[in-house]
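> Structure in structure tokens, see below.
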Amino acid sequence: MKIDSRLPSGPIETAWDRTKFEMKLVNPSNRGKRTIIIVGTGLAGASAAASLGELGYNVLSFCYQDSPRRAHSIAAQGGINAAKNYRNDGDSIFRLFYDTVKGGDFRAREANVYRLAQLSNNIIDQCTAQGVPFAREYDGLLDTRSFGGAQVSRTFYSRGQTGQQLLLGAYSALMRQVKAGTVRIFSRTEMLDLVIVNGVARGIVVRNMITGKIFSVAGDAVILCTGGYANTFYLSTNAKGSNGSACWRAYKRGAGFANPCYTQIHPTCIPVTGEHQSKLTLMSESLRNDGRIWVPKKKGDRRPANEIPEEDRDYYLERKYPTFGNLVPRDVASRNAKQVCDEGRGVGESGLGVNLDFRDSIKRFGVQLIKERYGNLFEMYEKITAEDGYKVPMRIYPAAHYVMGGLWVDYHLMSSIPGLFVGGEANFSDHGANRLGASALMQGLCDGYFVLPATVPHYLSTSSLPNISDDSKEFKEAVGEAESRIKRLMNINGKRTADSFHRELGKLLWNYCGMARNEAGLKKALEAIPALREEFWQNVKVPGDSEDLNQSLEKVNRVADFMEVAELIVNDALERKESCGAHFREESRTEEGEAKRDDANFSHAAVWEFAGDNKKPIRNIEPLSFQYVKPQQRSYK
Amino acid sequence: MSEKGMKLNLKIWRQKSSKDKGGFVDYKVENISPNMSFLEMLDVLNEKIILEGGEPIAFDNDCREGICGMCGLYINGRPHGPQSGTTTCQLHMRSFRDGELITIEPWRCGAFPIVKDLIVDRSALDKIIMAGGFISVSTGAAPEANTIPVPRDDSGNSMDAAQCIGCGACIAACPNASAMLFTAAKISHLGLLPQGQPERKKRALSMVKAMDDAGFGGCTNHGECEAACPKNVSTKFIARMNRDYISAGLTEEPEKE
């Protein structure tokens, strides 16, 4: 696999402007003749479809939900970062760039991150003009807050529903283009495969989820904005339908998959209550600003939290990290929660939880102020757990939340297959080994509003793309393969449901490739996952008919891919024999037990290449170099 | 937990397709934990149905945290069930009694044809937004964000309206199957902001027309929509939409389609 990241040379501050100027444009009168296929309507997909539609291209937009407005970007709570420096508190594009590279533990490309920081300001302008109701100060100007331990106040927000408001903004812009006739929406339509003709991406195979009809769509370029694969863990904060299939199909057609083991486990989620649990709910990590995290000092202390006196409590984050305390980054907070629970000091029925206690903040500031700050989160917690967080400590536990890994893309966001572009969480580009809070929304919109609408036209105008119809050989073959896969799944007629396999897979991954990983565990997973996959293909049961709305079939088709994604995650985790960001290898730690990078051997992105079914994939490397931010050991002591 | 679990009798609407007539089917579930969400209870039932060789009940759901608007069941005669300000996915079984009979239906509204079982087609809502639920600013054309100050109260009111998740509960609850609360929420969200002013009148006219064209009924002030709304969107926005619509009608030519 040839890995050419097409990084710009010269000063980083002007790199994107120079790249844009060097790119070829498409004559306005020719744009309507070009068809761009966009899969997914989250922040990246909806904003890319709207923006390319505005430019005059013929855009076909696909989503599995009943409306593009429902994509899971909608669930993001906290906010979106931008380097506006409205607070005059020392923020700048360079500082946001610096914080993001450092937060990603020096595993992201400098040029990409700099562009992201630059464009962050345009995003706020764009969304404000669209009518996104951002929080305001009394003077009518935009309010910001500090988030995720950042020392500057750069996070713009709309109450606890920032993702919703940004997505509805992008959705509105998209619907405006539907009305203008430049974009056509295919809802309840799921991508099953990518079609490649003469080495370039020319279309997709999809399934109409109501009629079950499988058909193909041809175009000049394909953009995947299909989100992350955190649902490989079964229990995650993702939507039930979120899946990795589109990206996985692309990988199996030759696209490189980068850093699959970088999976973010978010520390402040509501713990699992039983086997029936279908998903996990995240609560904004802003709670850690005023809540104190603790567990009993003694193993197996089952007294109710309020009856445990001060001297029997262990505020372990404050004890171990006196400077940052409860505000340590997500990966550190999550790992420590796991550690105390592994020691048998976890709380709640399952013992998999830690206390998040507001007693002292309520004493200090009064219940009113805590209510003003977090009222909606306390309500949400009470709705789910039937407990009053003002009176007894909340219980939290980490949950799979976001993936930094994804399809490899170059500076133009093009994958290793020409004509296949990838935006948002689906690509691997900007967050390195760990994503900072309020940066996912920024990246999705940056890719969709500003990067893809510049780079995709350049591809179209510099490539020779002969007219193609979807009854050509390659399309028919791809449709045939998709149909026979569905038929095969329908005919297994085994004894276990898709969910039961998925749950078992998730547990394997969580236990052996979750917050802490070691060689022995990963090797165990590499034996267990293929065995489970084999059983799946022998013993899964799909009821109903394939030519009908069949949610079990949709599920089973996604789980079949998760079974393979899981193995790649573990392979990547095993090969990366260092700790970095969210990837913690127990063998690689500092004397104090913290994550220890190995820059000499692992300062690179691992780009996995499909080598055939049941063959070990090939691990390629894209070396990283740091000219502006000097790699250092992260320390939160 | 297994000994303490709840037993429930369920009466669930089954319908093979939009052309099928459909009808209620009775089910029983046992060992239901009060900590389960309503949809997790249905998951348990579906797993049982699949293993017994039947076809599971189709229902829409996605985020399961009350924000995507995908889920929506008519539970014991109320959209999203007995708890106010709550979507079906955030409703928990502790809101029900052991041994209770629960009736589960899809949204009932002519403009929302049933697709299968509890799934309906809500694409009419997309058509209303398409008619004008946006501010016409193309990417790249935006001025510096702080050049448009917005009074804090206006921004807050706008956000109150913008919280709508587009689930359709307001329409399912309304005796007239009116989409006024949904439409008013979008018109008010944009109309309360300075950025939304240039298209305000045109927007009111075209969105109301799209709403009527889709076959939704008119508002006769029952207020059921607000009571059913999982995000507590207020009917005051309907009054606001009516004001916009009337004043636009007096001063603007209706848009020609």
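The values are calculated or read from the model by the stated rules, or taken from the named source; none is laboratory data. Just so it is clear, the model here is predicted, and its values are computed rather than measured. Note that we place each Cβ from the backbone using ideal geometry, even for glycine, and neighbour counts take in every protein chain shown. Please note that ligands, DNA and RNA were not included when accessible areas were found on the heavy atoms of the full protein model with its side chains. Shrake-Rupley method; radii C 1.70, N 1.55, O 1.52, S 1.80 Å.
> Out of the residues in the stretch A:560-576 meeting the condition of being aliphatic (A, V, I, L, M) and more than 18 Å from the chain's Cα centre (by Cα), tell me which one is most open to solvent (accessible area, probe 1.4 Å).
That would be A:LEU574.
> Let me ask something else about it. Filter the stretch A:269-304 down to the residues that are modelled with pLDDT of 95 or more and in a strand (DSSP E or B), then identify the one that is nearest to the other protein chains (Cβ to nearest Cβ).
A:CYS269
> Something else about it: Going by the structure shown, is B:ASP20 out of contact with any strand residue (DSSP E or B) (no Cβ under 8 Å at 6 or more places or on another chain) and at the interface with chain A (Cβ under 8 Å from one of its Cβ atoms)? If you could, list the steps in order and put the result at the bottom.
Working: out of contact with any strand residue (DSSP E or B) (no Cβ under 8 Å at 6 or more places or on another chain): yes; at the interface with chain A (Cβ under 8 Å from one of its Cβ atoms): no.
The answer is no for B:ASP20.
> Just the residues that are at the interface with another protein chain (Cβ under 7 Å from one of its Cβ atoms), closer than 20 Å to B:SER234 by Cβ and open to solvent by 50 Å² or more (accessible area, probe 1.4 Å), please, taken from the stretch B:122-160.
Selection gives B:PRO151, B:ARG152.
> If you don't mind, there's one more thing I want to ask. Does B:PRO175 satisfy the condition of being open to solvent by 50 Å² or more (accessible area, probe 1.4 Å) and in contact with a His (Cβ under 7 Å, 6 or more places away or on another chain)?
In short, yes.
> Return yes when A:PHE186 is surrounded by fewer than 21 Cβ atoms within 10 Å (Cβ to Cβ) and under 23 Å from A:ALA560 (Cα atoms) and no when it is not.
On the way: surrounded by fewer than 21 Cβ atoms within 10 Å (Cβ to Cβ): yes; under 23 Å from A:ALA560 (Cα atoms): no.
No; evaluated as a whole, the condition is false for this residue.
> Given the criterion open to solvent by less than 10 Å² (accessible area, probe 1.4 Å), over 20 Å from B:SER123 (Cβ atoms) and either in contact (Cβ under 8 Å) with a residue 60 or more places away in the chain or away from chain A (no Cβ under 14 Å) (or both), identify the matching residue among B:GLY168, B:GLY218, B:GLY196. Give the steps one after another, and end with the answer.
Working: B:GLY168 fails: over 20 Å from B:SER123 (Cβ atoms); B:GLY218 fails: open to solvent by less than 10 Å² (accessible area, probe 1.4 Å).
Step by step, each of B:GLY168, B:GLY218, B:GLY196 is checked, and only B:GLY196 is open to solvent by less than 10 Å² (accessible area, probe 1.4 Å), over 20 Å from B:SER123 (Cβ atoms) and either in contact (Cβ under 8 Å) with a residue 60 or more places away in the chain or away from chain A (no Cβ under 14 Å) (or both).
> Right, here's the next one. Show the residue pairs that are 6+ apart or on different chains and have beta-carbon atoms under 8 Å apart, the first residue being within the stretch A:541-561 and touching a residue at least 24 places away in the same chain (Cβ under 8 Å) and more than 11 Å from A:MET209 (Cβ to Cβ), the second being open to solvent by 20 Å² or more (accessible area, probe 1.4 Å) and hydroxyl-bearing (Ser, Thr, Tyr).
The qualifying pairs are A:GLU547/A:THR211.
> Determine the pairs where a residue that is more than 8 Å from chain A (Cβ to nearest Cβ), located within the stretch B:59-77, has a partner that is open to solvent by 10 Å² or more (accessible area, probe 1.4 Å) and part of a strand (DSSP E or B) with Cβ atoms under 6 Å apart, the partner being 6 or more residues away or on another chain.
Short answer, once both residue conditions are applied: B:TYR74/B:GLU105; B:ASN76/B:THR103.
> Looking at B:VAL29, is it crowded, with 16+ Cβ neighbours inside 10 Å, within 12 Å of chain A (Cβ to nearest Cβ) and part of a strand (DSSP E or B)?
Yes: the conditions hold for B:VAL29.
> Might you check whether a residue that is at the interface with chain A (Cβ under 8 Å from one of its Cβ atoms), touching a Cys at 6+ places or on another chain (Cβ under 7 Å) and among the basic types (Lys, Arg) occurs anywhere in the stretch B:82-104?
No, because not a single residue in the stretch B:82-104 is at the interface with chain A (Cβ under 8 Å from one of its Cβ atoms), touching a Cys at 6+ places or on another chain (Cβ under 7 Å) and among the basic types (Lys, Arg).
> Also: Please verify whether A:GLY494 is assigned to a loop (DSSP other than H, G, I, E, B), within 30 Å of B:GLU55 (Cβ to Cβ) and of a type outside the set (D, E, K, R), treating the condition exactly as stated.
Values: assigned to a loop (DSSP other than H, G, I, E, B): yes; within 30 Å of B:GLU55 (Cβ to Cβ): yes; of a type outside the set (D, E, K, R): yes.
Yes; evaluated as a whole, the condition is true for this residue.
> If only one of A:LEU452, A:LEU460 is crowded, with 24+ Cβ neighbours inside 10 Å and modelled with pLDDT of 95 or more, which one is it?
Details: A:LEU460 fails: crowded, with 24+ Cβ neighbours inside 10 Å.
Going through A:LEU452, A:LEU460 in turn, just one is crowded, with 24+ Cβ neighbours inside 10 Å and modelled with pLDDT of 95 or more: A:LEU452.
> For the stretch A:191-238, give me the residue count where each residue is of a type outside the set (Ser, Thr, Tyr), within 13 Å of another protein chain (Cβ to nearest Cβ), touching a Lys or Arg at 6+ places or on another chain (Cβ under 7 Å) and open to solvent by less than 20 Å² (accessible area, probe 1.4 Å).
1
> Looking only at the stretch B:1-14, which residues are more than 11 Å from chain A (Cβ to nearest Cβ) and either over 25 Å from A:TYR381 (Cβ atoms) or in contact with a strand residue (DSSP E or B) (Cβ under 7 Å, 6 or more places away or on another chain) (or both)? Before you say what the answer is, go through the steps one by one.
Step one: list which residues in the stretch B:1-14 are more than 11 Å from chain A (Cβ to nearest Cβ), which gives B:3-4, B:6-14.
B:GLU3, B:MET6, B:LYS7, B:LEU8, B:ASN9, B:LEU10, B:LYS11, B:ILE12, B:TRP13, B:ARG14 - these are the residues of the stretch B:1-14 that are more than 11 Å from chain A (Cβ to nearest Cβ) and either over 25 Å from A:TYR381 (Cβ atoms) or in contact with a strand residue (DSSP E or B) (Cβ under 7 Å, 6 or more places away or on another chain) (or both).
> Do you know which residues across the stretch A:278-295 are of a type outside the set (A, V, I, L, M, F, W, C) and within 21 Å of A:THR385 (Cα to Cα)?
A:SER278, A:LYS279, A:THR281, A:SER284, A:GLU285, A:SER286, A:ARG288, A:ASP290, A:GLY291, A:ARG292
> Might you let me know whether the stretch A:407-422 holds any residue that is in contact (Cβ under 8 Å) with a residue 12 or more places away in the chain, open to solvent by 10 Å² or more (accessible area, probe 1.4 Å), in contact with a strand residue (DSSP E or B) (Cβ under 8 Å, 6 or more places away or on another chain) and within 25 Å of A:LEU235 (Cα to Cα)?
Within the stretch A:407-422 (the criterion being in contact (Cβ under 8 Å) with a residue 12 or more places away in the chain, open to solvent by 10 Å² or more (accessible area, probe 1.4 Å), in contact with a strand residue (DSSP E or B) (Cβ under 8 Å, 6 or more places away or on another chain) and within 25 Å of A:LEU235 (Cα to Cα)), the answer is no, since none of the residues qualifies.
> Is there a residue being among the aromatic types (Phe, Trp, Tyr) and open to solvent by 10 Å² or more (accessible area, probe 1.4 Å) anywhere in the stretch A:162-182? Steps first, answer last, please.
Here is the first cut: in the stretch A:162-182, the ones among the aromatic types (Phe, Trp, Tyr) are A:171.
Still in the list and also open to solvent by 10 Å² or more (accessible area, probe 1.4 Å): none.
Looking for residues that are among the aromatic types (Phe, Trp, Tyr) and open to solvent by 10 Å² or more (accessible area, probe 1.4 Å), one finds none in the stretch A:162-182, hence no.
> Another question, if that's okay. Do you know which residues across the stretch B:117-147 are out of contact with any helix residue (DSSP H, G or I) (no Cβ under 7 Å at 6 or more places or on another chain) and at positive phi?
Within the stretch B:117-147, B:ASP117, B:GLY140 meet the criteria.
> Consider B:ILE104 carefully, then state whether it is in the same structural domain as B:ALA162 (by TED's automatic domain parsing), in contact with a helix residue (DSSP H, G or I) (Cβ under 9 Å, 6 or more places away or on another chain), hydrophobic (A, V, I, L, M, F, W, C) and open to solvent by less than 10 Å² (accessible area, probe 1.4 Å).
Details: in the same structural domain as B:ALA162 (by TED's automatic domain parsing): no; in contact with a helix residue (DSSP H, G or I) (Cβ under 9 Å, 6 or more places away or on another chain): yes; hydrophobic (A, V, I, L, M, F, W, C): yes; open to solvent by less than 10 Å² (accessible area, probe 1.4 Å): yes.
Criteria not met by B:ILE104.
> Additional query: Residues of the stretch A:242-261 being touching a Phe, Trp or Tyr at 6+ places or on another chain (Cβ under 6 Å) and part of a loop (DSSP other than H, G, I, E, B), which ones? Show your work before the answer.
At the first step, the residues of the stretch A:242-261 found to be touching a Phe, Trp or Tyr at 6+ places or on another chain (Cβ under 6 Å) are A:244, A:251-252, A:256-259.
The answer is A:GLY244, A:GLY256, A:ASN259.
> Need at least 2 residues that are in contact (Cβ under 8 Å) with a residue 24 or more places away in the chain and under 19 Å from A:SER415 (Cβ atoms) per element, so show me which helices (runs of 4 or more DSSP H) inside the stretch A:1-56 make the cut, counting only ones lying wholly within it. It would help to see each step written out before you state the result.
Numbers: elements: A:15-22, A:28-31, A:43-55.
Here the list reads A:43-55.
> Does at least one position in the stretch A:139-158 carry a residue that is within 7 Å of another protein chain (Cβ to nearest Cβ), open to solvent by less than 30 Å² (accessible area, probe 1.4 Å), in contact (Cβ under 8 Å) with a residue 12 or more places away in the chain and not aromatic (Phe, Trp, Tyr)?
Yes, the stretch A:139-158 contains a residue that is within 7 Å of another protein chain (Cβ to nearest Cβ), open to solvent by less than 30 Å² (accessible area, probe 1.4 Å), in contact (Cβ under 8 Å) with a residue 12 or more places away in the chain and not aromatic (Phe, Trp, Tyr).
> Could you tell me whether A:ARG335 is outside any loop (DSSP other than H, G, I, E, B) and either crowded, with 19+ Cβ neighbours inside 10 Å or of a type in the set (A, V, I, L, M, F, W, C) (or both)? Outline the logic, then answer.
Values: outside any loop (DSSP other than H, G, I, E, B): yes; either crowded, with 19+ Cβ neighbours inside 10 Å or of a type in the set (A, V, I, L, M, F, W, C) (or both): yes.
So A:ARG335 fits the description; yes.
> Further, regarding this structure: Which condition number in (1) more than 13 Å from chain B (Cβ to nearest Cβ); (2) surrounded by fewer than 24 Cβ atoms within 10 Å (Cβ to Cβ); (3) at pLDDT 95 or above; (4) over 30 Å from B:VAL120 (Cβ atoms) is the one that A:GLY78 fails?
(3)
> Please pick out the residue among A:GLN538, A:GLN627 that is outside the structural domain of A:ASN491 (by TED's automatic domain parsing) and either more than 24 Å from the chain's Cα centre (by Cα) or not in a strand (DSSP E or B) (or both).
Details: A:GLN538 fails: outside the structural domain of A:ASN491 (by TED's automatic domain parsing).
The conditions single out A:GLN627.
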